[in-house]
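Worksheet: one structure, shown below.
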Amino acid sequence: MIHILTKQGHFKAAQNMLEKIALRDFLSSHSVLSALVSTHDDSDVNAHVLSWLLIIYGNLKMTQDAIQVFEHMRAKCFRPHLHACTVLLNSLVKERLTDMAWKVYKSMIKAGVDPNIYVFNVLSHACCKSGDVEKAEELLGEMELKGIFPDLFTYNTLISLYCKKGMHYEALCVQDRMERGGVCPDIVTFNSLIYGYCKEGRMREALRFFKEIKGAIPNHVTYTTLIDGYCRVNELDEALRLREEMERKGLFPGVVTYNSILRKLCEESRLKDANKLLNEMDEKKIDPDNITCNTLINAYCKIGDMRSGLKVRSKMLDAGLKPDQFTYKALIHGFCKAREMESAKELLFEMLDAGCCPSYCTYSWIVDGYCSQGNEEAVLKLPDEFVQRGLCVDSSVYRALIRRFSRREKVDYAQRIFGTMQRRGISGDCVVYTSLAYAYLKAGKEAAATDLLDGMYHRRLMITIKIYRSFNASYAGDNNILAIFWDLVSVKGLFSKTMFKHIQQLKVNT
């Protein structure tokens, strides 16, 4: 029916019917797509039907289904509609599937679909998201070759990209070029330029641009960007003056504006003023967000006021906000500093239950806290406690504990964790072996270090550039031992040829 309606030019009816069954009948599967196109031998009709299906899936954010439809069209040599390609590219960029977006673009060009300004703008946005200046400039050149003139969105995307990269001269050149091309800058243009300078703390230039705004009206983003910039360069009075000016002009600050000021007050340990600001937010019916609560929790934890920190978390939960990684991280750090290790451990369990992944720093604080109490055995029991609570204990947990014990030169405890890890059938990676081997060498146990490096060789675990740089930074004061260790690693054949050349080049440069 869909094919007949399409053949007869009843496109709207065909589209409506296709949309009704798109979700229900798994139309993106290979077998169904093949059946769909085999019912009619008219390639134009098939191109219409599949393009509409692609648009439906793209608009419904069913990106993988849309990709399957596109791939099927490519395999059957059906040319997709330009609008269908634009919708697919937009979906891919929104989901940060940048590599796939470029593959789709190349395929559509190969299929004979000529891009328009909308396609180029979507791809420019992809460049901005990935921070790829070179690709963005290539894209602009391609537009010129095809006789497609950049519009306001194109220029604004380029300016935003340059400003984020700190390339102010290039951003100003784009602004000059757009004005010469008859495209007037809007407030988004000025906001990007102001943001670029505020990000680097160049407030004089940012203020100059603010005062030179013509043909546009400063908005919430403009003022919030400037207020945040002044807070970052320790000019809180100027930030507060701008907030007053903002309100006089009928632009009332939102939660983002308040968060910038709150962060600065907390940095200066002005918690009374921070609470006054919170009361002001409450009076103005401005709901705090996670950043507001995390900023306050972090401030209380830094001064050791864990009771107040927990109160803020309770208010956060009452407001329907969900604690995130930063919430748990701040509280765990605070309890570790206060040497309240059982509370820190309980929060670690809560963090894992909530689906948040603790970082190396989090585990380091736990290890340091227990070690300061002379209770290393409590750390050794952690993996068992995780298992008892039904939590997953993967290599990242063991890696973090081994790294920290090794860093604190408690190699016997690191070895015991390593033994537990192996008994549970979890293999150590490069970081585990290298950390332990270095700790043994530093403790004067060269034979044990050699055995571990031999184990690395047998498992084909090679030292990466990242590990090499990390160790050099972490153990910068151990010049003699570090040099001996890298010589031992080299003798054991744990450097690839590429890695060895990189090290030689580093030595030449230093």
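Show me the helices (runs of 4 or more DSSP H) entirely contained within region 216-316 in which 2 or more residues are within 28 Å of Ile332 (Cβ to Cβ) and of a type outside the set (Phe, Trp, Tyr). Full working, then the answer.
On the way: elements: 220-232, 236-248, 255-267, 271-283, 290-302.
Passing ranges, in order: 220-232, 255-267, 271-283, 290-302.
Considering only region 143-158, state which residues are assigned to a helix (DSSP H, G or I) and either aliphatic (A, V, I, L, M) or crowded, with 23+ Cβ neighbours inside 10 Å (or both).
The initial filter retains those residues of region 143-158 that are assigned to a helix (DSSP H, G or I), namely 143-145, 152-158.
Selection gives Met143, Leu145, Leu152, Thr154, Tyr155, Asn156, Thr157, Leu158.
Under 7 Å between Cβ atoms, which residue pairs at least 6 apart in sequence (or on different chains) link something in region 141-164 that is more than 15 Å from His125 (Cβ to Cβ) with a partner that is not hydroxyl-bearing (Ser, Thr, Tyr) and not in a helix (DSSP H, G or I)?
Ile148/Asn116
Are there any pairs with C-beta distances below 9 angstrom linking a residue in region 85-97 that is over 18 Å from His72 (Cβ atoms) to a residue that is of a type in the set (S, T, N, Q) and part of a loop (DSSP other than H, G, I, E, B), with the two at least 6 apart or on different chains, and if so which?
Taking only residues 6 or more apart or on different chains, the pairs are Thr86/Asn116.
Go through region 317-339 and report how many residues are of a type outside the set (Asp, Glu), without any contact (Cβ under 8 Å) to a residue 24 or more places away in the chain and more than 18 Å from Met306 (Cα to Cα).
Count: 1.
If you go through region 353-366 one residue at a time, do you hit one that is crowded, with 22+ Cβ neighbours inside 10 Å and within 21 Å of Leu262 (Cα to Cα)?
No, there is no match, as no residue in region 353-366 is crowded, with 22+ Cβ neighbours inside 10 Å and within 21 Å of Leu262 (Cα to Cα).
Tell me which of these Phe210 doesn't satisfy, since it passes every other one: (1) over 27 Å from the mean Cα position of the chain (by Cα); (2) over 22 Å from Cys231 (Cβ atoms).
It is condition (2) that Phe210 fails.
Can you confirm whether Asp25 is at pLDDT below 75 and not polar (S, T, N, Q)? Write out each step before concluding.
Numbers: at pLDDT below 75: yes; not polar (S, T, N, Q): yes.
Yes, satisfied.
I'd like the residue in region 159-180 that is of a type in the set (Lys, Arg) and in a helix (DSSP H, G or I) and, out of all such residues, is nearest to Gly201 (Cα to Cα). Write out each step before concluding.
Keep residues of region 159-180 that are of a type in the set (Lys, Arg), which gives 164-165, 177, 180.
Add one more test, that the residue is in a helix (DSSP H, G or I), and what stays is 164, 177, 180.
Details: Lys164: 13, Arg177: 26, Arg180: 30 Å.
Taking the candidates together, the pick is Lys164.
Residues that are within 24 Å of the chain's Cα centre (by Cα), at pLDDT 90 or above and not polar (S, T, N, Q): does region 103-112 have at least one? Quick ask: steps written out before the conclusion?
To start, the set of residues in region 103-112 that are within 24 Å of the chain's Cα centre (by Cα) comprises 103-104.
Imposing the further condition that a residue be at pLDDT 90 or above reduces the set to 103-104.
Going one step further and asking which of them are not polar (S, T, N, Q), we end up with 103-104.
There is at least one residue in region 103-112 that is within 24 Å of the chain's Cα centre (by Cα), at pLDDT 90 or above and not polar (S, T, N, Q).
Step by step: first the residues of region 210-233, then only those that are surrounded by fewer than 14 Cβ atoms within 10 Å (Cβ to Cβ) and in contact (Cβ under 8 Å) with a residue 12 or more places away in the chain, then the one that is farthest from Leu172 (Cα to Cα). Which residue is that?
Ile217
The values are calculated or read from the model by the stated rules, or taken from the named source; none is laboratory data. Bear in mind that the values here come from a model prediction, so they are computed numbers and not experimental data. Heads up, the Cβs are rebuilt from the backbone with ideal geometry, glycines too, and the neighbour counts pull from every protein chain shown.
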